[in-house]
Amino acid sequence: MLTQHAQIRAQQRGIPPLVVQWLLEFGSEAKAPGGVTRRYFDKEARRRLASAVGSAVVDRMGDLMNLYLVESADKVITTGVRTRRIKRS
């Protein structure tokens, strides 16, 4: 479930709802300060996604594979474009 803030940010940043769904299903997790979780596409997540939807689809997604979302208590708080490497703890 997306909060109103997450819906607005996704729209502003041109993030399709399908990619948000894929992040929730296939994205890798990293714990962040404040008890929230970041989900993003790393190499393993891209492999999982490719096995579900096909590698041609993942190859064509390009910059959409650099997206992330932040969730807490099963609610997506915000979405964004990853510009730096996410450090795992």
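Here are some conditions: (1) part of a helix (DSSP H, G or I); (2) farther than 24 Å from Gln11 by Cα; (3) not aromatic (Phe, Trp, Tyr). Val57 meets all but one. Which one does it not meet?
So Val57 meets the others, but not (2).
Glu71 passes all but one of (1) touching a Lys or Arg at 6+ places or on another chain (Cβ under 6 Å); (2) buried (at least 18 other Cβ atoms within 10 Å of the Cβ); which number fails?
Status for Glu71: all satisfied but (1).
With respect to Arg39, determine if the residue is basic (Lys, Arg), in contact with a Gly (Cβ under 6 Å, 6 or more places away or on another chain) and free of Cβ contacts under 8 Å to residues at least 40 places away in the same chain. Outline the logic, then answer.
Numbers: basic (Lys, Arg): yes; in contact with a Gly (Cβ under 6 Å, 6 or more places away or on another chain): yes; free of Cβ contacts under 8 Å to residues at least 40 places away in the same chain: yes.
When the stated conditions are applied, Arg39 passes them.
Pick from Arg39, Arg60, Arg84: which is of a type in the set (Lys, Arg) and either surrounded by 12 or more Cβ atoms within 10 Å (Cβ to Cβ) or within 20 Å of Leu2 (Cβ to Cβ) (or both)? So that I can check it myself, show each step before the final result.
Numbers: Arg60 fails: either surrounded by 12 or more Cβ atoms within 10 Å (Cβ to Cβ) or within 20 Å of Leu2 (Cβ to Cβ) (or both); Arg84 fails: either surrounded by 12 or more Cβ atoms within 10 Å (Cβ to Cβ) or within 20 Å of Leu2 (Cβ to Cβ) (or both).
The conditions single out Arg39.
Only the coordinates and a few stated rules stand behind these numbers; no lab work does. These figures come from a predicted structure and were not determined experimentally. Using ideal geometry, Cβ is built from the backbone for each residue, glycine included, and neighbour counts are taken over all protein chains shown.
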